[in-house]
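Contents: one structure, followed by commentary.
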Amino acid sequence: QNASSVTLNPIGSVLSIILENTGDGDRIGLQTAASLREAFDFFETDESLQVLVIEGSKRNFSEGSTLSPNEISTFAGSMTDLIRRHQVATHLARITKPTIAAVDGKAYGQGLEIALACDIRVASTTASLGFPESQTGVIPWDGGTQRLPRLVGLGLATKMLFTGKPLTSEEALNAGLVTELVPSHKLADTTSEISERIVSSGPIAAKYIKEALRSSGDLPLREGFRLEADLNMLLFSTTDRAEGISSFLEKRTPNFKGV
């Protein structure tokens with residue numbers, strides 16, 4: 001089965017991408033994957049948009065991909081081509097602006113990989129997050145085996161991937177997989193509050209924070225300090241930096257321009 005569509009809902013500087021689940025067992029197929037990649041490119045290149053929110057519909061985030069042992073065995077092309085056409089999380093992770101996953105219900109397989117590729121994950125108290133792939137004889141292929149242990153540690157990631165047993169929302173919060181839990185009916189408002197808080201900050205600063213954070217896991221500490229200093233030097237040359245200082249001294253709300 002395939003999720004019917006992807007809906008884009010821009011509100012001010014925030015773009016919401018909604019995974020339109022039409023019923024039980026919806027999966028992300030090739031058409032949806034292509035639509036997601038196009039949406040990610042649109043968000044990245046549109047200078048008026050500052051925050052991306054990805055959410056599901058009908059109380060469900062996503063149960064994963066249509067990519068299954070049967071589809072793999074019947075595909076006429078190369079396996080590399082098949083996987084690349086399905087991948088979206090890697091594309092999402094390249095975005096330079098802040099991204100948020102609003103997880104309600106099930107986030108399994110590629111659905112969880114999409115959430116892992118976001119900067120912030122907010123979940124409902126009824127959310128369930130996991131990788132059931134091992135139970136069907138396959139493994140995650142959109143970054144799950146690499147991003148999960150970096151967030152929750154090797155021990156828990158190993159257990160989740162080997163057993164396929166999902167985490168409850170409370171377990172996900174305790175493991176650091178999500179940053180906040182709220183009732184389902186408050187998920188949209190909570191995500192909106194976080195988004196607007198980010199929008200009120202300097203967009204250039206947000207990009208540089210993301211660059212420094214994403215590099216922190218790959219760089220030695222000394223090089224990380226050097227990157228942080230270099231990004232600060234670049235920020236000093238922007239009008240946004242001057243506006244931030246002026247607004248603070250004048251005790252007023254800053255008017256950032258992104259330059």
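The values are calculated or read from the model by the stated rules, or taken from the named source; none is laboratory data. Model, not experiment: these values are computed from the prediction. Cβ coordinates were reconstructed from backbone atoms using ideal geometry, including for glycine residues, and neighbour counts include every protein chain displayed. Note: areas computed on protein heavy atoms with side chains; ligands, DNA, RNA excluded. Shrake-Rupley method; radii C 1.70, N 1.55, O 1.52, S 1.80 Å.
Values computed for the structure shown
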item	result
Formal net charge of residues neighbouring Thr125 (Cβ-Cβ distance under 11 Å; K, R +1; D, E -1)	-2
Estimated translational D of the range 91-148 in µm²/s (Stokes, Kirkwood radius over Cα pairs; 37 °C; 0.692 mPa s)	276 µm²/s
Volume in Å³ per residue [convex hull over Cα atoms, computed for the chain]	140 Å³
Share of carbon and sulfur in the accessible heavy-atom surface of the range 176-243 [1.4 Å probe, %]	57 percent
Cα gyration tensor of the range 151-202 - equivalent ellipsoid semi-axes, whole Å, descending	28, 14, 7
Magnitude of the charge dipole, the range 145-213, Cβ model with Lys/Arg +1 and Asp/Glu -1, debye to 20	320 debye
Rg/Rg_ref, the range 25-177, where Rg_ref = 2.2 N^0.38 Å and atoms are Cα	1.01
Accessible area expressed per residue, the chain, with surrounding protein chains retained (probe 1.4 Å, Å²)	52 Å²
Lysine pairs with alpha-carbon atoms under 19 Å apart, the chain, spacing 8 or more or separate chains	10
Most to least packed among 175-182, 133-140, 121-128 [average Cβ atoms within 10 Å]	121-128, 175-182, 133-140
